[in-house]
Each structure stands twice: as structure tokens, then as C-alpha cells.
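Colleague: Mind having a look at this structure? Questions to follow.
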Amino acid sequence: MKPEYAPFTFPGTSLTVERIGYGAMQLAGPGVFGPPKDRDAAVAVLRAAVDAGVNHIDTSDFYGPHITNQIIREALHPYPDGLVIVTKVGAVRPADGSWQKANSRADLTAAVHDNLRNLGLDALDIVNYRFMGSGHGVEEGPVAEEVQVLADLQREGLIRHIGVSNVTAAQVAEAQTVAEIVCVQNNYNVAHREDDALVDEMARQGIAYVPYFPLGGFTPLQSSTLSAVAERLESTPMQVALAWLLHRSPTILLIPGTSSLTHLRENLAAAELALSPETLAELDGIAATQVAH
């Protein structure tokens, strides 16, 4: 029997989305930098996603930079009612294609205005502050000052709601002392379970948890287990990984990205994949292999 996933409403908002959305990062060129080789294909994927019922798009003006948002505007503006566009600030992409921290008040304010301009909006539905530490991974560090900048822009009417990305549980709690946080976006999947406690805490609070890299960082052994399950269910490893995430928590929202119409349809079909308790237990065991090996 096919599972049925109720739509999710971001806390304290009127924004309701389906559990599987679309991540626009791959619409830019290689390395999320420069234009795509086929802009028309990128536009077609976006339109197909929305036609299929996707109403949650994740993006950022530092994808490209600027290019991804410009493609979203070309494909979908004027935006259909009910479409929720979530963007993020906190980084810039200089000419060398690197990812650099950009978290001063001036940086964050400029980034919000860049997103508004390139998306063709008067206000942004949700803006995530992406914490950039010394590397690209999660590490502790203050976030209140940066979230305060977003709260100030929210009072000005440029931002409707605020989220955080690439953060620890302590940073989420710190951000919540400044503003209402409606979503957390972190690296999490069936193999990388460091955020298990945070996923459960966000579910308890009714806050969206948005995992990225649903197939990222698997060892060959973990990947073989996933592939075996996928073969048995006559599906793809990506579909199984996405279905596991949907089962994992009712407040998990998915944003798989692709520039392929075929992969888009496969990703959306993950919502129809039923996972038995036995299969879920088998998939849960994947994370244990990370400890054992």
C-alpha cells in the first residue's frame, strides 16, 4: 500500500508545502558556478516540477552566483499561488568559484536584496542564514548577531520567515532567542545520522528539518546495502534514500535537485515507495557500518 504523507505547514506561518520539493542548486553550471550548458532544459525542469505539484523550491543567490535565481524567475514568474521559495544567505562566490563567508550586516543585507531582485519578489518567503565556519562542515560559533540582521529585515517586510542552515543544536537554540525559526537545513541521510537528536527535537517543536545530500558520503559497503534494497523494491537507490527520510520524521522536507526530467520524476515517485518495518530496520543498520568500519 502506498504511503500517504500529509502536507507540512511551517510553524507560525500560512505556508503549506508538499513533503518533496525541489532543490535548484544543480541548475547552475559545474560546481554550482556559471551558467548551465542548457538553459532551456533548466527552465523545462522547473516548470515540470511545478506542474507535477512541487510547491517548495530551495535556492540561493550565491548559486551561480545569481544564475539559478534568474532561471527560476524566467521559468516561473509570475509565481503560482502557494509556491514557497526558500533561499539562503551567508556566503558569496568570487570569480575563482570558491565559497567564501559573507556574514556582516552589509553582506547579509546585500544578499537579501540580491535574492529579491533576481527572483523578482518584494519579500522573501523564508531566508536561511547559512553558518560558514573555518571549513564547510558544521562547527560551533555564534549566530545571534547574524540572525538579528535577518530579524531586522523581517521587520522591514523584506523577509517573511527565518531559518538556519549548517548548524548545531546549540546554534538552533541560540537563533531561537532572537527570532522564530521555521526550518533547519543540514547534511543528513540514511548513512550520516549525526543529527538524529536534532531531527527528533525539530519534530517535537513542529519545525521543518530539511536534509541535503540525501546520497552524499556513503562508503561502498553502505552503498551496496542501499543498492540491494533498491533492487529488491524495483526502485533506485535515490528513491529508497528519499523514502527513508520521509519515514524518518513527519517534519522532514526533501529538496532533491536535478537538471534531468527523468530524475525529477523518479525523485517525486519516492513518495509512493512503501518501506516495511523490516526494510526500515535494514536501512537503519546502514549507519552502524560507519561506526564498524
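Colleague: With +1 on each Lys and Arg Cβ and -1 on each Asp and Glu Cβ, how big is the dipole of the range 1-73 about its Cα centre, in debye rounded to the nearest 20?
Modeller: Here the range 1-73 has a charge dipole of around 60 debye.
Colleague: Going by alpha carbons, how many degrees (0 to 90, nearest 10) lie between the helix axis of 220-232 and the longest principal axis of the chain?
Modeller: Once rounded, one gets 70 degrees.
Colleague: While we're here: Using the Cα centre as the reference, give the magnitude of the dipole from point charges on the C-beta atoms of the range 168-293 (Lys, Arg: +1; Asp, Glu: -1; all else neutral), rounded to the nearest 20 debye.
Modeller: Charge dipole of the range 168-293: 180 debye, to the nearest 20.
Colleague: For n ≥ 4 DSSP H runs only, could you compute -39500 (n - 2.57) per run for the chain, divide by its residues and tell me the 222 nm figure to the nearest 500?
Modeller: About -12500 deg cm²/dmol.
Colleague: Sticking with this one: Just want to confirm a number: the relative contact order over the chain, from Cα pairs under 8 angstrom separated by 6+ residues, in percent.
Modeller: Across the chain, relative contact order equals 19 percent.
Colleague: A further question follows. Nearest 10 degrees, 0 to 90: what angle lies between the long axis of helix 105-119 and the longest principal axis of the chain (Cα atoms)?
Modeller: Around 70 degrees separate the two axes.
Colleague: Would you work out the relative contact order for the range 127-237, in percent, from Cα pairs under 8 angstrom that are 6 or more residues apart?
Modeller: Worked out over the range 127-237, it gives 21 percent.
Colleague: Compute the angle between helix 39-51 and the longest alpha-carbon principal axis of the chain, please, reported from 0 to 90 degrees and rounded to the nearest 10.
Modeller: The helix 39-51 is inclined about 70 degrees to the chain.
Colleague: Taking every DSSP beta bridge that has both residues in the chain, what percent is antiparallel when rounded to the nearest 5?
Modeller: 15
Colleague: Using the count of nearby Cβ atoms within 10 Å as a rough guide to exposure, how do Arg93, Arg193 rank from fewest to most?
Modeller: Ascending number of Cβ neighbours within 10 Å: Arg193, Arg93.
Colleague: If you don't mind, there's one more thing I want to ask. Among Cys183, His77, Leu150, pick out the residue whose Cα is farthest towards the positive end of the charge dipole of the chain, where Lys and Arg carry +1 and Asp and Glu carry -1 on C-beta, about the Cα centre.
Modeller: His77
Colleague: Give the relative contact order (percent, whole number) for the range 211-266; include only Cα pairs under 8 Å separated by 6+ residues.
Modeller: Relative contact order comes out at 37 percent.
Colleague: Can you tell me which of 251-263, 94-106 comes out highest on packing, and rank the rest after it, using the mean Cβ neighbours within 10 Å?
Modeller: Final packing ranking: 251-263, 94-106.
Colleague: Aspartates and glutamates near Lys2 by alpha-carbon distance under 12 Å, same-chain residues fewer than 8 away left out - which ones?
Modeller: Of all the aspartates and glutamates, those that pass the test against Lys2 - Cα under 12 Å, at least 8 places apart if same chain - are Glu272.
Colleague: Sorted by mean Cβ packing within 10 Å, highest first, what order do the peptides 25-37, 47-59 take?
Modeller: 47-59, 25-37
Colleague: Considering all alpha-carbon pairs of the chain, what whole percent are spaced by more than 27 angstrom?
Modeller: 39
Colleague: Then there's this: Taking the Cα centre as origin and putting +1 on Lys and Arg beta-carbons and -1 on Asp and Glu beta-carbons, what dipole magnitude results for the chain, to the nearest 20 debye?
Modeller: For the chain, the charge dipole is close to 460 debye.
Colleague: Within a Cβ distance under 13 Å of Leu116, other residues only, what is the Lys/Arg minus Asp/Glu net charge?
Modeller: It works out to a net charge of -2.
Colleague: Among the lysines, select those whose C-alpha is under 29 Å from the C-alpha of Lys101, and discard any that sit fewer than 8 residues away in the same chain.
Modeller: Partners within reach: Lys37, Lys88.
We did not get these values from a lab; they are worked out from the coordinates using the rules stated. Since the model is a prediction, treat every value here as computed from it, not as a measurement. All Cβ positions, even for glycine, are placed from backbone atoms using ideal geometry, and neighbour counts span all protein chains on display.
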